[in-house]
Amino acid sequence: MKTWLFLAVAIVSEVIATSSLKASDGFTRIGPSLLTAAGYMLAFYMLSLTLRQIPVGVAYALWSGVGIVLVSIVGWVMYGQKLDAPAMIGMGLIVAGVLVMNLMSKSVAH
């Protein structure tokens, strides 16, 4: 269970870092730039702890897939970025893939 917590923290940290990267305006704003660096450091550290128990391909697929969806939602809410129907369908397929991996794959550590 702790491994899944590590993965969740890695995902949230990466989403915060990526969202802050947009706000850093090319690293010209100090606050968002520092948050970006700290967020990515925490994300990769937590991902490294996750990899002790979950295979790298599975962990990375979950980390990046959930991250894509969450960053897209943050972009929509915080930055007013629009998502068209194909983007929403694509993200739905990503979520479906994550669910299939977690519910059906024997590669995922439960």
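Tabulated data
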item	result
By average C-beta atoms within 10 angstrom, highest first, the peptides 66-75, 20-29	66-75, 20-29
Dipole magnitude (debye, nearest 20) for the chain, charges at Cβ of Lys, Arg, Asp, Glu	200
Percent accessible area from carbon and sulfur atoms, the range 54-108, protein chains only, probe 1.4 Å	76
Phi-based couplings in Hz for the range 16-25 (Karplus 6.51, -1.76, 1.60; Gly and Pro marked x)	4, 4, 5, 5, 5, 4, 4, 6, 6, 6
Calculated FRET efficiency for the pair Leu34/Met88, C-beta based, R₀ 30 Å, to 0.05	0.35
Probe 1.4 Å, protein heavy atoms only - accessible area per residue of the range 53-110 in square angstrom	65
Distance histogram in 10 Å bins (all Cα pairs of the chain, percent per bin)	15, 40, 32, 12, 1
Dipole axis of the chain (+1 Lys, Arg; -1 Asp, Glu on Cβ), positive-most option in Gly80, Thr3, Asn102	Thr3
Karplus-derived HN-Hα couplings along the range 64-81 (A = 6.51, B = -1.76, C = 1.60, θ = phi - 60°), whole Hz, x at Gly and Pro	6, x, 5, x, 4, 5, 5, 5, 5, 5, 4, x, 5, 6, 7, 10, x, 6
Computed FRET value (nearest 0.05) for Thr3 with Phe27, which takes r as the C-beta separation and R₀ as 30 Å	0.35
Highest-MSF residue in the chain out of Pro55, Pro86, Pro32 [GNM, Cα springs under 10 Å]	Pro86
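The values are calculated or read from the model by the stated rules, or taken from the named source; none is laboratory data. Quick caveat, the model's predicted, so the values are computed rather than measured. A quick note on method: Cβ atoms are made from the backbone with ideal geometry, for glycine too, and the neighbour counts reach across all protein chains shown. We work out accessible area using only protein heavy atoms, side chains counted, and drop any ligands, DNA or RNA first. Shrake-Rupley method; radii C 1.70, N 1.55, O 1.52, S 1.80 Å.
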